[in-house]
Structure formats: structure tokens, C-alpha cells
Amino acid sequence: MIVQKTIHDIFKDAINSKPIFKDKSVLTINFTPQNIMHRDSFIYTLSKILAVSLKGDKPSNVFIYGPTGTGKTLVTTFVLKELKKAADDNGSNLTYVYVNSNLKRVADTEYRLLSYIANELGESIPFTGLPTDVVYDRFFKKLKEIGGVVILAIDEIDILVEKIGDRFLYTLTRINQELEGVVVSLIGISNNLSFTEHLDARVKSSLSEEEIWFTPYNALQLRDILNERAKLAFNEGKINEAVINKCAALAAQEHGDARKALDLLRVAGEIAERLNAEKVLEEHVDMAEKKIDYDRIFEAVKTLPKHSNFVLYAIIELLKENDNSKVLTGDVYNTYSDICKRNKIKPLTQRRVSDIISELDVLGIINAKVISHGRYGRTREITFSNSLDTYLKIKDFIKKEWLFND
Ligand SMILES: Nc1ncnc2c1ncn2[C@@H]1O[C@H](COP(=O)(O)OP(=O)(O)O)[C@@H](O)[C@H]1O
Ligand SMILES: [Mg+2]
């Protein structure tokens, strides 16, 4: 009887069982939530700055900054859409263009940026071929033709400036002195806090007529954001509070990043699905965290040249031997030279290896803090930015990829 009951349950479960996800796309970056939580004050501040455009006045330029995943893009695009609706209802002449500098076709050159914006404004300019001056002229002409208030929102502006310099910003912030019949305002958005330090002083002060600093989310706020999404993303009974709380807590530790929280939840769900689990469990979140860390570092490592790989290999080997505490630049150099010798490769100089170590730090692959080290002067103290497991997998990858003797 008992056996029959069990079989009965299996069949019943099979009939009733639902997939983990109802709609996974809700947890991806392309999904725009209906409800923006815990950002009221930022929505309010930005709206207040831009509202003067409804009367035809020029809003101040705004510089928006804060760590990744704090809702900068979401809030800005939301406020711009609402502003446009209000302008249309009111008969105000308002136009906005949102530029995502992460798109390759936008951010390669100044020419591409301009032609992209001009095309968004309805002036068709080929993506290559004209002199930049001509593109500027046609862009200005188009602006005059459109008239009213034009808001240019440039997201990830730090990445853009790094690639194409800040000349375009100089021009865009001066534009109002040259053009009549139209006012142009800029919104610059950046994840990088120190970005403005490198700007031309005049550009900097005019871009930051107003500044809005987006604060990181805390664990409770992230929990609210996740709960809202989880309702749409998962089938009933497939996710519980403990799982959500865990994702929220981990992402809160990492500068309150909502994107990370959503990634954790999505990847945990995918892992549960792959393991044919009945529902998402906390242990799936742990696995998700490792996978995300590994993927992120792996993406960066894949693009590194040969010697950077060797240096990283030496670091991983040393840190493993040192029980994952820390190592110094000099030790890395010795181990790295040994690896080169064993593989019959000429090692780079200690100075070059120092540079590589700081590059690896900038890429977020390791942490390398500069310390002063007695009579040896400055050196770097190197630690892992992730779990040892992750690095051991990276080490295997390097070994296979470069086929060497360790
Ligand atoms: N307050 C919020 N409510 C709902 N979802 C949010 C909120 N803040 C951020 N998100 C989501 O988190 C992710 C990252 O937000 P985003 O605006 O891209 O951050 P940033 O531009 O600051 O890096 C997006 O998927 C976004 O939809
Ligand atoms: Mg963004």
C-alpha cells in the first residue's frame, strides 16, 4: 500500500509540477519595472530640476552619479518619459535624447556620438564619412529647427569620455551661447565617482550645475525590490522569503547593487531548474554567487595578454600557498620569473610586472593596495577579491589556455 501511495504521489506531482520560472525575462536588465521603489526623493529632485522646461526655460545641467545598480538609469529614463508626456499634454516644445554610451556604435568616436544623437533627433547623418565639423553644423541646424528645450541625457558618460575625450562635452556645454531659438540641457550619468576630477574645469562646473548622488540600497530596500519582481518571475511556491533575503543581503554587502541582487535571484533560479529542484533554495543562491563571480572574472581574464596571465597565475599560486592571506609584489615577481623560466620564456622587468599588477587591480581581478614597505619603498599588497575556489578554476583555465608547465 505504501509503495502504491508513493507512486501515486509521484504521478500527482508530475501532473501538478510547474516550472520554476513563470517569466524569467522579468529578472533581466531589459525589463522595466512598473513601480520604482525607494527612490522617491531622487525622482522628486530630478523632476523638480527639469520641470522648468515645461515653461520653455532651460533646466540646469545635471550630473548624476553613484555606484552601479542604484537605479540611476531607471530613474532618469522614467522621469524623462513622464516629463515628455507632461510636455505633450501641455503643448510645450520639449525633446529628449537618451544615449547609452555602452553601445559600441555610439561611443567609438566623437563622430559616432554626434551622428547617433542627430539621427535620434531625425537628422539622418551617415555613420561615417563626413568631416566632424560638417556633422556639428548639421547637428546644430537640426537643433535650431526643432527649437524649444532639448535635453540630452548621456548615460555612462565616464566610459564615453575615456574613449573619445571631453571635447564634445566642451562643445555641448557651450552650445547655448551659439544657438538661438533652442535651449539645450545636459544630463550626465556616471558610475565612476572620480570621473569629474579628470575633466576640464570649465566643463566640470557647467556639467554639474546640479548634482544628484544616488545612495546604495540597503538590504531591506533590496528585499522589497526583489519581492516585487519575484512575484512576476516565479511560479507559486517556487521561491521563499529566506532565498530573497539571502540575495538581498549579499547584494547589500556589495555596495547595495540592485542589479547584482536581481542577477543572484535569476541565476539561483536557473541553477534550481538545472538541478531539477522542486524549488529555489538558499544553497542555490550560494552557488549562484560563485558562478557570477567566476563569470565576471573569467570575462576579464579571457582578454588578458600572455604575460598578464602568467603574473596572475603566479599570484594565485602564492596566495594558495599562503592560505589565501596576502602577498607582496616582490614575491610575485620571483614566482612569475620561475614560471617563465620553466616555460622557456623571457620574463618582463619587475617594473612591467608592477604595472601588470595594477592593471589586474583596475580590472577588478585582484585587489592590490599600495603600501610603503620599509627601506624597500612602495610595494603592493595583493589579495583576492573573490573566493579561492573561483581563482583555482581561473588557474586551471590559464594553464590549459597557455599550455604551460607549472
Ligand atoms: N528602485 C527600484 N525598483 C525596482 N527595480 C530597480 C530599482 N532600482 C534598480 N532597479 C533595477 O535594478 C537594475 C539596475 O538599475 P539601474 O537603473 O540600471 O542602475 P544604475 O543605472 O544605477 O547602474 C535594473 O534592472 C533596474 O530595473
Ligand atoms: Mg546605468
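No lab work stands behind these numbers, since they all come straight from the coordinates. Only a predicted model underlies this, so the values are computations on that prediction, with no experimental measurement involved. Neighbour counts run over all protein chains shown; Cβ positions are idealised from the backbone, glycine included.
Okay, here's what the table says:
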quantity: Ratio of Rg to Rh over the range 304-402 (Cα coordinates, Kirkwood Rh, two decimals); calculated: 0.94
quantity: Lys/Arg +1, Asp/Glu -1 at C-beta; the chain dipole; positive extreme among Gln34, Leu54, Ser92; calculated: Gln34
quantity: Between the range 214-284 and the range 323-360, the Cα center-to-center distance that results, in Å; calculated: 39
quantity: Net dipole in debye of the chain [+1 Lys, Arg Cβ; -1 Asp, Glu Cβ; about Cα centre; nearest 20]; calculated: 800
quantity: Average Cα contact separation per residue, the chain, under 8 Å, 6 or more apart, as relative contact order %; calculated: 17
quantity: Positive dipole terminus of the chain, leading residue within Ile154, Gly129, Asn334 (C-beta point charges); calculated: Asn334
quantity: Val183, Val362 arranged by Cβ crowding within 10 Å, fewest neighbours leading; calculated: Val362, Val183
quantity: Computed [θ] at 222 nm, deg cm²/dmol, the chain (DSSP H ≥ 4; -39,500 (n - 2.57); rounded to nearest 500); calculated: -17500 deg cm²/dmol
quantity: For the range 40-213, size of Cβ-based charge dipole, Lys and Arg +1, Asp and Glu -1, in debye; calculated: 240
quantity: For the range 184-322, size of Cβ-based charge dipole, Lys and Arg +1, Asp and Glu -1, in debye; calculated: 300
quantity: Set of lysines near Lys84 by C-alpha distance (under 24 Å), chain-local residues within fewer than 8 positions excluded; calculated: Lys48, Lys55, Lys58, Lys72, Lys141, Lys142, Lys144
quantity: Within-15-Å neighbourhood charge of Ala252 [Cβ basis; K, R +1; D, E -1]; calculated: -1
quantity: Relative contact order (percent, whole number), the range 306-406, Cα cutoff 8 Å, 6+ residue spacing; calculated: 32
quantity: Against the rule of thumb 2.2 N^0.38 Å, how large the Cα Rg of the range 40-213 comes out; calculated: 0.97
quantity: Charge sum, other residues only, whose C-beta stays under 13 Å from His38's C-beta, Lys/Arg counted +1 and Asp/Glu -1; calculated: -1
quantity: Considering only the chain, percent of DSSP beta bridges that pair antiparallel, nearest 5; calculated: 30
quantity: Cross-link partners of Lys163 among lysines (Cα-Cα below 17 Å; sequence separation of 8 or more within a chain); calculated: Lys104
quantity: Cβ-defined net charge surrounding Thr383, 9 Å radius [Lys, Arg +1; Asp, Glu -1]; calculated: +1
quantity: Cα-Cα separations in the chain greater than 29 Å, expressed as whole percent; calculated: 59
